[in-house]
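One structure is given below, encoded as structure tokens.
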Amino acid sequence: MRDEILEVKHLSLKIGKAHLLEDINFSMQRGEIICILGRNGAGKSTLLKSILNLYSYSGYIGIDGINLQNLSARERANKIAYVPQSSHIIFPFKVIEVVMMGRFAKQAWFYTQADKRRAYEMLERFEMAHLSERIFSSLSGGQQQLALIARAFAQECELLLLDEPVSALDLSRCFTLLEIVRHCGKSVLLTSHHPEQCGIAHKILMMKDAKMLAFGERAAVLNTDMIERLYDVRTEAVPLPNGGIYFVAKCAL
């Protein structure tokens, strides 16, 4: 088994005259957590969607040494699970049915009782089992986000792409989710605006204006100088017990 699960080389994406990604290069080892950090519109979500093969890009993306463009949709679904920033599910599915959608790539024609058990186990893991029969659209934004994360875990892929997974969560749920991600043993690529959420990450990928500003070990990248360059604000660093750092914005640069 390869140590490297994801490789991105010279990834660029242009739509019309707009450069959405410019020459992105990084690799990810199996079991690593990488936090993509940047401002709104920096290209973080676009990068995740490119790794899902949702855009026509130039460059190379490899999953387990295989060119992403050579994988079928089912093969990609068996390798990559994705949680978007928000849900677009409009049909009246129950929560358990939404989570079971994560089992689609694992089954032949119909969902099995084993699929349903796995989905329910994931709801229990995220303290959502009591909502399993609720209509998904009736949940709060934070509850919907947790259900989508449970769906991704039910998919049982080694690579998880999480797009701002804690943006709608309260402080308690945010802490719980980040701890689950920290100890899940999977390769996780997550996006965030907030440096303090990067305490669980092994490495940080900073993006600014569709380009890579920095990539490296958390301790080497997550510092006042780089945060000021990333966000264009003067900051003061406050270390956190979880390994993260809270940066207090003091004034614009």
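Quick notes on this structure:
- Figure legend. Inter-residue proximity from region 67-80: first residues touching a residue at least 12 places away in the same chain (Cβ under 8 Å) and farther than 11 Å from residue 51 by Cα, second residues assigned to a helix (DSSP H, G or I) and of a type outside the set (Phe, Trp, Tyr), beta-carbon distance below 7 Å, spacing 6+ or different chains. Indicated pairs: 74/105; 77/105; 78/105.
- Evaluated against (1) of a type in the set (Ser, Thr, Tyr); (2) outside any loop (DSSP other than H, G, I, E, B); (3) in contact (Cβ under 8 Å) with a residue 24 or more places away in the chain, residue 87 falls short on exactly one condition, (2).
- With respect to the stated conditions, residue 221 fails to be out of contact with any Lys or Arg (no Cβ under 6 Å at 6 or more places or on another chain), of a type in the set (Val, Ile, Thr) and farther than 20 Å from residue 33 by Cα.
- Which listed residue is acidic (Asp, Glu) and surrounded by 15 or more Cβ atoms within 10 Å (Cβ to Cβ), from 3, 23, 64: 64
Listed here are the residues, each with its yes/no results for (1) over 17 Å from residue 44 (Cβ atoms); (2) touching a Phe, Trp or Tyr at 6+ places or on another chain (Cβ under 7 Å); (3) not polar (S, T, N, Q).
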{"site": "184", "(1), (2), (3)": "yes, no, yes"}
{"site": "189", "(1), (2), (3)": "no, no, yes"}
{"site": "195", "(1), (2), (3)": "no, yes, yes"}
{"site": "201", "(1), (2), (3)": "no, no, yes"}
{"site": "209", "(1), (2), (3)": "no, no, yes"}
{"site": "229", "(1), (2), (3)": "no, no, yes"}
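- Filter result (at pLDDT below 95, in a strand (DSSP E or B) and either small (Gly, Ala, Ser) or within 14 Å of residue 215 (Cα to Cα) (or both)) within region 3-47: 18
- The set of residues in region 233-253 that are surrounded by 12 or more Cβ atoms within 10 Å (Cβ to Cβ) and not in a loop (DSSP other than H, G, I, E, B) comprises 233, 234, 235, 237, 245, 246, 247, 249.
- Among the residues listed as 33, 90, 66, the single one being aliphatic (A, V, I, L, M) and within 29 Å of residue 220 (Cα to Cα): 33
Conditions tested, residue by residue: (1) in contact with a strand residue (DSSP E or B) (Cβ under 9 Å, 6 or more places away or on another chain); (2) assigned to a helix (DSSP H, G or I); (3) under 12 Å from residue 32 (Cβ atoms).
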| residue | (1), (2), (3) |
| --- | --- |
| 156 | yes, no, no |
| 160 | yes, no, yes |
| 165 | yes, no, no |
| 174 | no, yes, no |
| 179 | no, yes, no |
| 185 | no, no, yes |
| 191 | yes, no, no |
| 198 | yes, yes, no |
| 207 | yes, no, no |
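Yes/no matrix, rows are residues, columns are (1) buried (at least 17 other Cβ atoms within 10 Å of the Cβ); (2) among the hydrophobic types (A, V, I, L, M, F, W, C):
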residue: 35; (1), (2): yes, yes
residue: 49; (1), (2): yes, no
residue: 54; (1), (2): no, yes
residue: 60; (1), (2): no, no
residue: 79; (1), (2): yes, no
residue: 82; (1), (2): yes, no
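- Restricted to region 67-77, and to residues there that are among the aliphatic types (A, V, I, L, M) and under 18 Å from residue 102 (Cα atoms), the residue that is surrounded by the fewest Cβ atoms within 10 Å (Cβ to Cβ) is 73.
Listed here are the residues, each with its yes/no results for (1) under 18 Å from the mean Cα position of the chain (by Cα); (2) polar (S, T, N, Q); (3) closer than 20 Å to residue 191 by Cα.
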site: 209; (1), (2), (3): no, no, yes
site: 218; (1), (2), (3): yes, no, yes
site: 223; (1), (2), (3): no, yes, yes
site: 226; (1), (2), (3): no, no, yes
site: 230; (1), (2), (3): no, no, yes
site: 239; (1), (2), (3): no, no, no
site: 245; (1), (2), (3): no, no, yes
site: 253; (1), (2), (3): no, no, no
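- Restricted to region 209-232, and to residues there that are basic (Lys, Arg) and part of a helix (DSSP H, G or I), the residue that is surrounded by the fewest Cβ atoms within 10 Å (Cβ to Cβ) is 229.
The values are calculated or read from the model by the stated rules, or taken from the named source; none is laboratory data. All values reported here derive from a predicted model rather than from experimental measurement. Every residue, glycine among them, receives a Cβ derived from its backbone with ideal geometry; neighbour counts consider all protein chains shown.
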